[in-house]
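Structure, as structure tokens:
The values are calculated or read from the model by the stated rules, or taken from the named source; none is laboratory data. From a predicted model like this one, the values you see are computed outputs, not experimental measurements. So basically every Cβ, Gly included, is an ideal-geometry build from the backbone, and we count neighbours across all protein chains shown.
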Amino acid sequence: MELIAAANRIIRQLESSQYADILAPAFRASLSYRLRNLVESYLAFEKAANAFILEFRNWESAWALEALCVIAYEIRILTEQLRADKELASIRKTPEKLKSAGSFLMKVFGVLAGKGPRRIGALYVTCQLFKIYFKLGTVHLCRSVIRSIETARIFDFEEFPVRDKVTYMYYTGRLEVYNENFPAADHKLSYALSYYSPLKEANIRFG
């Protein structure tokens, strides 16, 4: 009870700040997560994330890009935990949260997929989308994002961080396997294997 009372005091203080629409629900999300109220945590985090997007659109520079990438990552992780939580297994709406996260990430992708320094984050968000689509078994949804990355002149693949290029090539390589385009799959998966970090050996899968 003391924790909740203290949290409510902090939330009231946050609600008077300049970025109340972001900070207050973000804090609620953190508190709900600590209390293992994952549904409430997701809803609050989604509210904070959407408010952040509205602010991000108005900023001309990409100074908050890393924060946006963290939000994209956290919203995916939170929905996956929500879906996997045994106590919530009987709630049919949990898969909808994963779909909702996919819709949110498409919104983020749209914000980043323009000209300027923001576009460097587009591949990271694309990889988060791939992970969601593969979890949902809706890999066909990857196609439109892939077209945006591989056909748009505003994207230069070599500009992106190695981390994101490796993940992208890994998932698109798996898609080529599904499509029985084995030469392309070999090229992409070999690329991912060649450039993976030796510190991330657990990411290599055999068999």
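Could you please let me know if V139 is among the hydrophobic types (A, V, I, L, M, F, W, C), touching a residue at least 12 places away in the same chain (Cβ under 8 Å) and under 17 Å from I120 (Cβ atoms)?
no
Among the residues of the range 160-188, which ones are in a helix (DSSP H, G or I) and either in contact with a Lys or Arg (Cβ under 8 Å, 6 or more places away or on another chain) or aromatic (F, W, Y) (or both)?
Y168, M169, Y170, Y171, T172, G173, E176, Y178, F182, A185
If we keep just the residues of the range 35-62 that are in a helix (DSSP H, G or I) and either basic (K, R) or at positive phi (or both), which is farthest from the chain's Cα centre (by Cα)?
Among those residues, the one meeting the criterion is R57.
Do the conditions hold for Y191, that is, is it under 17 Å from the mean Cα position of the chain (by Cα) and either farther than 27 Å from A49 by Cα or not in a helix (DSSP H, G or I) (or both)? Spell out the reasoning first.
Details: under 17 Å from the mean Cα position of the chain (by Cα): no; either farther than 27 Å from A49 by Cα or not in a helix (DSSP H, G or I) (or both): yes.
Against the criterion (under 17 Å from the mean Cα position of the chain (by Cα) and either farther than 27 Å from A49 by Cα or not in a helix (DSSP H, G or I) (or both)), Y191 does not qualify.
Scan the range 136-173 residue by residue and report those that are at pLDDT below 90 and among the acidic types (D, E).
Hits for the range 136-173 are E150, D156, E158, E159.
Just to be sure before I move on: is L98 at pLDDT below 85, out of contact with any His (no Cβ under 7 Å at 6 or more places or on another chain) and either under 19 Å from A49 (Cα atoms) or assigned to a helix (DSSP H, G or I) (or both) in the structure I sent?
yes
Looking only at residues in the range 137-168 that are closer than 26 Å to E96 by Cα and of a type in the set (S, T, Y), which one is surrounded by the fewest Cβ atoms within 10 Å (Cβ to Cβ)?
Per the stated criteria, the residue is S144.
Results for (1) modelled with pLDDT under 85; (2) not hydroxyl-bearing (S, T, Y), shown as yes or no for each residue.
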position	(1), (2)
V70	no, yes
K86	yes, yes
T94	yes, no
V111	no, yes
G116	yes, yes
I120	no, yes
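Test of understanding: among A192, A185, which residue is crowded, with 18+ Cβ neighbours inside 10 Å, closer than 22 Å to A72 by Cβ and small (G, A, S)?
A192 is the lone residue from the list that is crowded, with 18+ Cβ neighbours inside 10 Å, closer than 22 Å to A72 by Cβ and small (G, A, S).
Look at the range 11-54 and say how many of its residues are modelled with pLDDT under 90, over 16 Å from I75 (Cα atoms) and surrounded by fewer than 15 Cβ atoms within 10 Å (Cβ to Cβ).
Selection size over the range 11-54: 9.
Counting only residues that are touching a residue at least 12 places away in the same chain (Cβ under 8 Å) and assigned to a loop (DSSP other than H, G, I, E, B), which one in the range 142-154 is farthest from Y178 (Cα to Cα)?
Restricting to residues being touching a residue at least 12 places away in the same chain (Cβ under 8 Å) and assigned to a loop (DSSP other than H, G, I, E, B), the top hit is I154.
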